[in-house]
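Single-structure report; data block below.
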Amino acid sequence: MKQVDTLFINAHILTMDEEFHQYPTGALVVDGDSILAVGDEKELVSKYQGKQIVDCGGKALMPGLINAHTHVPMTLVRGLADDLRLDVWLMGYMMPVEREFVSPDFVRLGTSIACAEMIRSGVTSFADMYYFEEDVAKATAAAGMRALCGQTVLKFPSPDARSFEESLAYARDFISRWKDHPLIVPAVSPHAPYTCTAEILKACADLALEFDVPIHTHISETALEVENMRNEQGMPVVPYIKKQGLLEAKVLAAHCVHIDEGEMRTFLHYNTGVAHNPSSNLKLASGAAPVKKMLDIGLNVGIGTDGPASNNDLDMFEEIRLAAFLAKNTSGDPTALPARTVLAMDTRIGAQAMHIGHLTGSLAPGKRADI
Ligand SMILES: [Zn+2]
């Protein structure tokens, strides 16, 4: 008998692996922070002896949910400005308020509140993008959650930098110190093509490639963004960021509401992940992302809440339900995005979209015990 830290028994296990294996009377073997084995209880209790045994009482045991796109410190600005279009909400309200009030203390407090809220709805990992991202990382690690933490870079002054050069220097310093953390994957976040210059996008791509860390950004969220890009650059958003070299890095692209099939195929070629944000897209009337099409083409599409100020909560079960319903309604096909698919989007596929599929997203030997 092999001695291990924890044996979870009497569980209905949903592994959410590629074959969707289930074990109705299952057990999960955990040693340290990782999964050692998963399978039938009878077989595993004959091989492993747990220092701690957790009887799951016949309940479901599954991978923790993944919030693939958010801005967690914004719990502190939730409900501040509702019922507005994105550009008015962002440029007219959020960014001025953030420049005035966002500090390391603000970020730590807002993150701690968000972690408590996400843990309540079964979330174990999330992808963030904000300012003072090292303080997001500290509060997240203290809560025991896993996160991809993207330091924002903008073409105008932000709460933690007077210029984009300062943001990039912050990002470099943050990434170099947190690169090997067991819970945090540091990243660089050029906010969006329309809030960055070509020079910034290129510099972010170089930084991400140098340290082999992801890029977390917003892409083609509104029709206006695409229209402006066509007018100014003569092309849609995805070819433009490709031209700047952004897709050479491991990109997580939030929203992608207004992208065409050619752009989806470009994403597939570069293994770009997508984060679908149904509540936020509905609230800001941005449109409905072509999620079914993206999945059919083979893209990894996760699900996110977006920031709590554009949702207004961090409840992933609500987001999963909305993702399923929205896809059915917009495609006119009630078989679009069945329960199994949306649950996979919020576990294994979401982790792959965030480029952390080797760490989490399914219950499999070698992965972290995010349950
Ligand atoms: Zn966002």
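The values are calculated or read from the model by the stated rules, or taken from the named source; none is laboratory data. Please read these numbers as outputs of a predicted model, since none were measured by experiment. As a convention, Cβ positions derive from the backbone with ideal geometry for all residues, glycine included, and neighbour counts pool all protein chains shown. Just so you know, the surface numbers come from the protein's heavy atoms only, side chains and all, with ligands and any DNA or RNA stripped out. Shrake-Rupley method; radii C 1.70, N 1.55, O 1.52, S 1.80 Å.
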Quiz item: For S46 and V88, what is the calculated FRET efficiency with R₀ set at 56 Å and r taken between the beta-carbons, to the nearest 0.05?
Solution: 0.35
Quiz item: Which net charge results when you count Lys and Arg as +1 and Asp and Glu as -1 among the other residues whose beta-carbon is under 15 Å from that of L224?
Solution: -3
Exercise. Return the long-range amide H neighbours of V188 (sequence gap of 5 or more, or a different chain), with a cut-off of under 5 Å between placed amide H atoms.
Key: Q151, H216
Practice problem: Taking the Cβ of A254 as the centre, find all other residues whose Cβ is under 12 Å away and add up their charges (Lys, Arg: +1; Asp, Glu: -1). | Solution: -3
Quiz item: To the nearest 0.05, how large is the calculated FRET efficiency for A169 and A285 if R₀ is 30 Å and r is the Cβ-Cβ distance?
Solution: 0.20
Practice problem: With a cut-off of at most 12 other beta carbons within 10 Å, and DSSP calling the residue loop, which trypsin sites (Lys or Arg not before Pro) in the stretch 158-235 qualify? Please list them. | Solution: R162
Quiz prompt | Listed pairs K47/K179; K179/K367; K179/K202 exceeding 24 Å between Cα atoms | solution = K47/K179
Quiz item: Going by a ≥ b ≥ c, the root eigenvalues of the Cα gyration tensor, does the stretch 14-99 fall in the rounded group (a/c under 1.5), the prolate group (a/b larger than b/c) or the oblate group?
Solution: prolate
Quiz item: What number comes out for the charge environment of P159, summing +1 per Lys or Arg and -1 per Asp or Glu over other residues with Cβ under 11 Å away?
Solution: -1
Quiz item: To the nearest 10 square angstrom, what accessible area does D180 show with a 1.4 Å probe?
Solution: 140 Å²
Practice problem: Quote the accessible area belonging to L109 in square angstrom, nearest 10, computed with a 1.4 Å probe and with ligands, DNA and RNA left uncounted. | Solution: 100 Å²
Exercise. Just grab the label-to-label distance for L209 and A81, each label 7 Å out from Cα along the Cβ direction, in nm (one decimal).
Key: 3.7 nm
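R0 = 25 Å: FRET efficiency of K179 with L268, Cβ-based, nearest 0.05?
Details: r = 28 Å, r/R0 = 1.11.
Efficiency computed from Cβ-Cβ geometry: 0.35.
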Quiz item: Among K283/K328; K155/K250; K243/K293; K155/K243, which pairs are too far apart, with a Cα-Cα distance over 20 Å?
Solution: K155/K250; K243/K293
Practice problem: Return one number: the angle in degrees, 0 to 90 and rounded to the nearest 10, between the long axis of the Cα atoms of helix 316-331 and the longest principal axis of the Cα atoms of the chain. | Solution: 60 degrees
Exercise. Could you tell me what percent of the DSSP beta bridges with both partners in the stretch 2-61 are antiparallel, to the nearest 5?
Key: 55 percent
Quiz item: Based solely on its DSSP helices, what 222 nm [θ] is calculated for the chain when runs of n ≥ 4 H residues each add -39,500 (n - 2.57) and the sum is averaged over all residues, nearest 500 deg cm²/dmol?
Solution: -11000 deg cm²/dmol
Quiz item: Any idea of the accessible area per residue across the chain, 1.4 Å probe, to the nearest Å²?
Solution: 40 Å²
Quiz item: In degrees, nearest 10, range 0 to 90: what is the angle between the Cα axis of helix 104-120 and the longest Cα principal axis of the chain?
Solution: 40 degrees
Exercise. Over the chain, calculate the relative contact order: mean separation of alpha carbon pairs under 8 Å at least 6 apart, over the residue count, as a percent.
Key: 19 percent
Practice problem: Whenever you get a sec, compute what percent of the accessible area on the chain sits on carbon and sulfur atoms (1.4 Å probe). | Solution: 52 percent
Exercise. Using a Gaussian network model of the chain whose springs link C-alpha atoms within less than 10 Å, name the residue from K59, K47, K283 with the highest mean-square fluctuation.
Key: K47
Quiz item: Among M16, M95, M345, whose mean-square fluctuation peaks in a Gaussian network model of the chain (Cα, cutoff 10 Å)?
Solution: M95
Quiz item: How big is the antiparallel share of DSSP beta bridges in the chain, given as a percent to the nearest 5?
Solution: 25 percent
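How big is the charge dipole of the chain about its Cα centre, in debye rounded to the nearest 20, if each Lys and Arg gets +1 on its Cβ and each Asp and Glu gets -1 on its Cβ? Before the final figure, lay out the partial values.
Details: 32 positive and 47 negative charges, 102 e Å.
Result for the chain is approximately 480 debye, rounded to the nearest 20.
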Practice problem: List the aspartates and glutamates whose Cα lies under 17 Å from the Cα of K42, skipping any in the same chain that are fewer than 8 positions away. | Solution: D55
Practice problem: Taking H placed 1.01 Å from N in the peptide plane, check which residues at least 5 places from K250 or on another chain put their amide H under 5 Å from its amide H. | Solution: I215
Quiz item: Once the Cα gyration tensor of the chain is found, what semi-axes does its equivalent ellipsoid get, as square roots of 5 times the eigenvalues, in whole Å, sorted largest first?
Solution: 34, 23, 19
Exercise. Mind checking the stretch 141-195 for chymotrypsin sites (Phe, Trp or Tyr not before Pro) that DSSP puts in a loop (not H, G, I, E or B) and that have at most 10 other Cβ atoms within 10 Å?
Key: none
